[in-house]
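Colleague: Quick one: this structure, given as structure tokens, is what I'll be asking you about.
The values are calculated or read from the model by the stated rules, or taken from the named source; none is laboratory data. Source: prediction; values computed, not measured. Positions of Cβ are backbone-derived with ideal geometry, glycine not excepted, and every protein chain shown enters the neighbour counts.
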Amino acid sequence: MRYFVIISIFIVTMLGCSTSIDESDLFKKAGIAYLPSSETPFSGKAIGYYDTGEMLYEVKYEDGMVDENTYDFLFKDGESNHSVELNDLDIRTTKLFLLDYQYPYSGYATLKIGVPDLGEVRGLIRGGYPIGKWVDRDIGENPDNFRYNDDSEEIKYVNFHINGTVEEINIYDLIYRRTVNYDESGSPLQYLLNYHDETKQLIQQWSPNGKMETEKFVMGDTAVERVWWNNGKIKYQEVDLGPRNGSGISTSKWNEVGGQVSNEYYLDISDDPQLSRELKKVSKTEWQEIHPINPDSMKFIENDLVD
């Protein structure tokens, strides 16, 4: 009798492991999926369904977490759904659809980033909405780890707004990380470039009409900040050569038609600029006696400041 009970339990357990369950029967606690009345995170296969009852997908769970690489999506007629190009999908009332298909798209999709040499990323769409982080390959939980174990390639990942438009593109390589943020209409909002060794940083921000609003470039102790008028003309520039003895700041202002309004120069005369800065206004000649750099001509070219 004891052996019969043990064998019965074994059979039930094996059946439970091999049989897919309805994903809607799972409940989540702190992001981990469980079967009802179970304290053990769910491992096994789960099935999602169309509203009309047909099988939409089957996916594998491991220790309560879904493995997004194991989705097997089906069309309503039971045909397997392979990956599509995101740009080939149709947006209707914020959801993504296959052309001439009446149900919101669920399945894998790829997205080309910018020009062709930036490659593409791949991700999931469920119920017409992109979900999770789209990547060009497996980068694990922390993309920053990439630069320590890969000497040749770059990685890319993309996040989406709830309406399916791109919210953020991140591109990493061995030297720096580039991030571009977009609003829900697809207009760029911010471009961020960070060098991994923290020696350089570029931040650019755009207005809703797509024109540059502000720019800040930092290289070592030197920082250049710029602000633009709505018509695209430069409005303000500040060059800060850093908190150190003999350093200084220059500022320039322009009117909306491009005419220069003012140029001002300041030298740092404090004993310890790292703690507090004391600036003294000087002439351009006095400035250039200490700093051969002409701050009026400094500009950002190919990730460097040039004079």
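Colleague: Among the numbered criteria (1) under 22 Å from Val121 (Cα atoms); (2) among the polar types (S, T, N, Q); (3) at pLDDT 80 or above, which one does Gln205 miss?
Modeller: Checking Gln205 against (1) under 22 Å from Val121 (Cα atoms); (2) among the polar types (S, T, N, Q); (3) at pLDDT 80 or above, the one that fails is (1).
Colleague: Return yes when Lys29 is over 22 Å from Gly107 (Cα atoms) and charged (D, E, K, R) and no when it is not.
Modeller: yes
Colleague: Same structure again: Go through the residues of segment 85-97 one by one and say whether even a single one is part of a loop (DSSP other than H, G, I, E, B), at pLDDT 80 or above, of a type in the set (Phe, Trp, Tyr) and farther than 30 Å from Asn194 by Cβ.
Modeller: Taking every residue of segment 85-97 in turn, none turns out to be part of a loop (DSSP other than H, G, I, E, B), at pLDDT 80 or above, of a type in the set (Phe, Trp, Tyr) and farther than 30 Å from Asn194 by Cβ.
Colleague: I would also like to ask the following. In segment 28-47, is there at least one residue being acidic (Asp, Glu), out of contact with any His (no Cβ under 6 Å at 6 or more places or on another chain), modelled with pLDDT of 85 or more and surrounded by fewer than 11 Cβ atoms within 10 Å (Cβ to Cβ)?
Modeller: yes
Colleague: Every residue in segment 230-268 that is of a type in the set (Asp, Glu), within 20 Å of Ile203 (Cα to Cα) and either assigned to a loop (DSSP other than H, G, I, E, B) or modelled with pLDDT of 90 or more (or both), please.
Modeller: Glu238
Colleague: Could you list all residues from segment 164-184 that are modelled with pLDDT under 85, within 22 Å of Leu89 (Cβ to Cβ) and more than 8 Å from the chain's Cα centre (by Cα)?
Modeller: Gly164, Thr165, Val166, Glu184
Colleague: Any idea which residue in segment 63-81 is modelled with the highest pLDDT, counting only those that are acidic (Asp, Glu) and assigned to a loop (DSSP other than H, G, I, E, B)?
Modeller: My answer is Asp63.
Colleague: Okay, next question. Output the residues belonging to segment 203-229 that are of a type in the set (Lys, Arg) and in a loop (DSSP other than H, G, I, E, B).
Modeller: Of everything in segment 203-229, just one residue is of a type in the set (Lys, Arg) and in a loop (DSSP other than H, G, I, E, B), namely Lys211.
Colleague: Could we say that Leu56 is more than 25 Å from Thr165 (Cβ to Cβ), of a type outside the set (Ser, Thr, Tyr) and either modelled with pLDDT of 85 or more or surrounded by 11 or more Cβ atoms within 10 Å (Cβ to Cβ) (or both) here?
Modeller: It is false that Leu56 is more than 25 Å from Thr165 (Cβ to Cβ), of a type outside the set (Ser, Thr, Tyr) and either modelled with pLDDT of 85 or more or surrounded by 11 or more Cβ atoms within 10 Å (Cβ to Cβ) (or both).
Colleague: For Arg277, work out the one condition from (1) at pLDDT 80 or above; (2) touching a Pro at 6+ places or on another chain (Cβ under 9 Å); (3) over 30 Å from Gly232 (Cα atoms) it doesn't fulfil.
Modeller: Evaluating Arg277 over (1) at pLDDT 80 or above; (2) touching a Pro at 6+ places or on another chain (Cβ under 9 Å); (3) over 30 Å from Gly232 (Cα atoms) leaves (1) as the failure.
Colleague: Right, another one. Would you call Val66 within 15 Å of Ile125 (Cα to Cα), touching a helix residue (DSSP H, G or I) at 6+ places or on another chain (Cβ under 8 Å) and either in contact (Cβ under 8 Å) with a residue 60 or more places away in the chain or surrounded by 11 or more Cβ atoms within 10 Å (Cβ to Cβ) (or both)?
Modeller: For Val66, the condition - within 15 Å of Ile125 (Cα to Cα), touching a helix residue (DSSP H, G or I) at 6+ places or on another chain (Cβ under 8 Å) and either in contact (Cβ under 8 Å) with a residue 60 or more places away in the chain or surrounded by 11 or more Cβ atoms within 10 Å (Cβ to Cβ) (or both) - is not met.
Colleague: Among (1) out of contact with any Lys or Arg (no Cβ under 8 Å at 6 or more places or on another chain); (2) surrounded by 18 or more Cβ atoms within 10 Å (Cβ to Cβ), where does Gln205 come up short?
Modeller: (2)
Colleague: For segment 249-269, enumerate the residues that are farther than 11 Å from Tyr236 by Cα, free of Cβ contacts under 8 Å to residues at least 12 places away in the same chain and surrounded by 11 or more Cβ atoms within 10 Å (Cβ to Cβ).
Modeller: Ile269
Colleague: In this structure, does Tyr129 turn out to be out of contact with any strand residue (DSSP E or B) (no Cβ under 6 Å at 6 or more places or on another chain), at pLDDT 75 or above, crowded, with 18+ Cβ neighbours inside 10 Å and more than 21 Å from Leu202 (Cα to Cα)?
Modeller: Considered against the rule, which asks whether it is out of contact with any strand residue (DSSP E or B) (no Cβ under 6 Å at 6 or more places or on another chain), at pLDDT 75 or above, crowded, with 18+ Cβ neighbours inside 10 Å and more than 21 Å from Leu202 (Cα to Cα), Tyr129 comes out as yes.
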